[in-house]
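Reading through the C-alpha cells given below for one structure.
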Amino acid sequence: MATFAAIDFETATGSRSSACSVGVVLVDDRVVVQREERLIQPPGNEYAFFNVSLHGISARDTADADRFEDVWPEIADLIGDRLVVAHNAAFDISVLRHSAEERGYDVPPIHFACSLRIAKETWIGRWSYRLNDLAEDLDIPLDHHDPLSDANAAAEVMLAALDYHGAGSVHEVAELLGFQLGEVTGDWYQGFSNAWR
C-alpha cells in the first residue's frame with residue numbers, strides 16, 4: 001500500500017539548524033488525505049538575504065511562530081508510523097537532525113526514503129532530477145521553495161515512480177531498485193550514514 005508522508009523544510013540561513021518552515025503531505029493508499037504547513041521560529045529569528053530571496057519567509061513572518069521543539073511533536077503526531085519521503089532527503093533529514101540538536105529535542109524514530117534518488121534510478125539519463133524540472137515534465141503543479149508545494153511535488157514524484165515500476169509501495173520500489181530505507185533513531189547515525197546502498 002502506497003502510504004507515506006512527504007515533507008519539505010525551508011531554512012532561514014545556510015545553517016541546517018535554522019528550519020523556518022515545514023510542509024507535510026500525508027498519502028494513504030495513493031490518495032493525498034491531508035496537507036499541513038507550519039512556520040518555525042529559527043534560532044535568534046535570524047535570516048540570510050539569500051534564503052529569504054528563495055522562499056520569501058522573513059523574520060517578520062516567524063516573530064511569533066513556535067520554535068522547532070514545539071512544532072515537530074505536532075508534525076510527528078501527524079506522520080504517525082508512516083514512512084517519510086523527501087526530495088533530496090539528505091538535506092531534509094539533516095535539517096531535522098540539526099534543528100533538533102540545536103533545541104535539545106529528541107525526534108521520535110522515523111524511516112525515510114529519497115524521491116530524488118528513486119527518480120534517478122527510475123528515469124535514467126534525464127537531463128535534470130531537480131524537483132522543479134521533474135514537476136514540469138510530470139505535469140505536477142509546483143510553487144518551488146514553498147514548503148507545502150515542494151512536499152506535495154515530492155509525493156507526486158514518488159507516486160509517479162511507483163506507477164512507472166508497477167510497485168505497490170515505497171518499500172517495494174526501494175527493494176526493486178536495491179535501496180535500503182534510511183532510519184532516524186535516538187542514535188542519529190544508526191542507519192542514516194548507510195541510508196542508500
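So here's what we get for this one:
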| item | result |
| --- | --- |
| Residue-averaged [θ]222 nm for the chain, counting only DSSP H segments that reach four residues, each worth -39500 (n - 2.57) | -12000 deg cm²/dmol |
| Potential lengthening between Lys120 and Glu69 on full extension [0.36 nm per residue; Cα-Cα distance subtracted] | 15.0 nm |
| For the stretch 70-115, convex hull of alpha carbons as volume per residue, Å³ | 67 |
| Viscosity 0.692 mPa s, temperature 37 °C, Stokes-Einstein D of the stretch 89-136 from Kirkwood C-alpha radius, µm²/s | 259 |
| Extension gain (nm, one decimal) between Glu172 and Ser58, 0.36 nm per residue minus Cα-Cα | 37.0 nm |
| Shape call, the stretch 38-197: gyration tensor on alpha carbons, a/c limit 1.5 | oblate |
| Taking the stretch 18-59 and dividing mean pair separation by its residue count, relative contact order in percent (alpha carbons under 8 Å, at least six apart) | 35 |
| Helical segments meeting 20 Å axial Cα length and Kyte-Doolittle 0.0 threshold in the chain (DSSP H) | 147-165 |
| Enclosed volume per residue, in Å³, of the convex hull spanned by Cα atoms of the stretch 1-88 | 99 |
| Whole-percent carbon and sulfur share, accessible surface of the chain, 1.4 Å | 46 |
| Probe 1.4 Å, accessible area per residue of the stretch 7-101, Å² | 44 |
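The values are calculated or read from the model by the stated rules, or taken from the named source; none is laboratory data. Since we're looking at a predicted model, the values are computed, not measured. Ligands, DNA and RNA are stripped out before the accessible areas are found, and what is left, the full protein with its side chains, is counted by its heavy atoms. Shrake-Rupley method; radii C 1.70, N 1.55, O 1.52, S 1.80 Å.
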